[in-house]
């Protein structure tokens, strides 16, 4: 949690932690925001933490009653130990999300008796041959990611293809439902969503069951759409007011702060870059996919304009072999996963998309596919070199 606690963070006045000064703790706003942007950040955070009820359109099936229920480690907006389940099967070599059985995402809870129906949580049907777990991810710094131009990621993909074809990533081209056009996906384990507003609307529907003009169709509980006749709040539940508040919160949320070294000095980007562990990170090939820095483009928000940041990800898809989760989304195959950003890793207690690894070393050793060569080089390092590399990652 935030050092002051969520309750205190919610009530801090503008001018206390919300000064626009460089972020020093998890959950702070971006530095350099205007007073209006700081207020929008604060209002968005309050909406993000607010608990939704049936009268608000919650359900009829859902995974949580607030955004913060699944995004809270380190501060509001962090990740958590919450793991959701996706499922599907393949038919004649083609992925089938089994929508008729409620796929591909499980909603674990229901709103209970309503009219002549009893809404309960979903389960994985016997027809599923693919079952995948996915961790709730941190949202720190996503406004910066959102502000990276599609052209920059296309150029990065082209550069990787020229310099390192064996590990090159590719973009997931997906539909931007806010414009109807194809765009590069940046968010989600498969880079299946292209912008923060769509990301917010998608989560509002699939995690809380609240519909909006961007996502107007309710999830049919376990695929049984007849049950929607008992939906206590039929039609569109939210007019996008909350979606815009969530978007503001994520857009203005600062990236993970620099590590405090020994409780006194900060580990600067320059100092971190030249540490023995950082050099090993690059030498064995981790930086081929976990690209250290990116730059934002033009933005109406001055704090997001032409800013270099260090997410340690290229936000592209890579074939991870046996580490893939089998789920297809957009153009992403079952074996492909987006390069997970490593910033904020020091907060994680479980690693990889499904949380299977409980140590950084185990997470590295689980890499496969395009990550296999770097994995093997890590395995060949001396014990002290492995410790140096892991220590570096623990500063992110």
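Where a number appears in this text, it was derived from the coordinates with a stated rule and is not lab data. Because the structure is a prediction, the values reported are computed rather than measured. Positions of Cβ are backbone-derived with ideal geometry, glycine not excepted, and every protein chain shown enters the neighbour counts.
Here are the numbers:
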{"quantity": "Rounded FRET efficiency, nearest 0.05, which uses the C-beta distance separating residue 51 from residue 350 and R0 of 25 Å", "calculated": "0.45"}
{"quantity": "Efficiency of FRET from Cβ geometry, residue 373 and residue 295, R₀ 25 Å, rounded to 0.05", "calculated": "0.35"}
{"quantity": "For the range 143-231, the fraction of alpha-carbon pairs in successive 5 Å shells from zero, as %", "calculated": "3, 12, 18, 19, 15, 11, 9, 6, 4, 2, 1, 0"}
{"quantity": "Helix-derived mean residue ellipticity, 222 nm - over the chain, DSSP H n ≥ 4, -39500 (n - 2.57), to 500", "calculated": "-7500 deg cm²/dmol"}
{"quantity": "Ordering of 150-163, 77-90, 119-132 by packing [mean C-beta count within 10 Å, highest first]", "calculated": "77-90, 119-132, 150-163"}
{"quantity": "Inter-probe distance in nm under a simple model that places probes 7 Å from Cα toward Cβ, at residue 224 and residue 385", "calculated": "5.9 nm"}
{"quantity": "Theoretical gain in end-to-end length, residue 283 to residue 357 [0.36 nm per residue, Cα-Cα removed]", "calculated": "24.3 nm"}
{"quantity": "Taking the chain and dividing mean pair separation by its residue count, relative contact order in percent (alpha carbons under 8 Å, at least six apart)", "calculated": "19 percent"}
{"quantity": "Residue 161/residue 108 FRET efficiency (R0 56 Å; Cβ-Cβ; nearest 0.05)", "calculated": "0.90"}
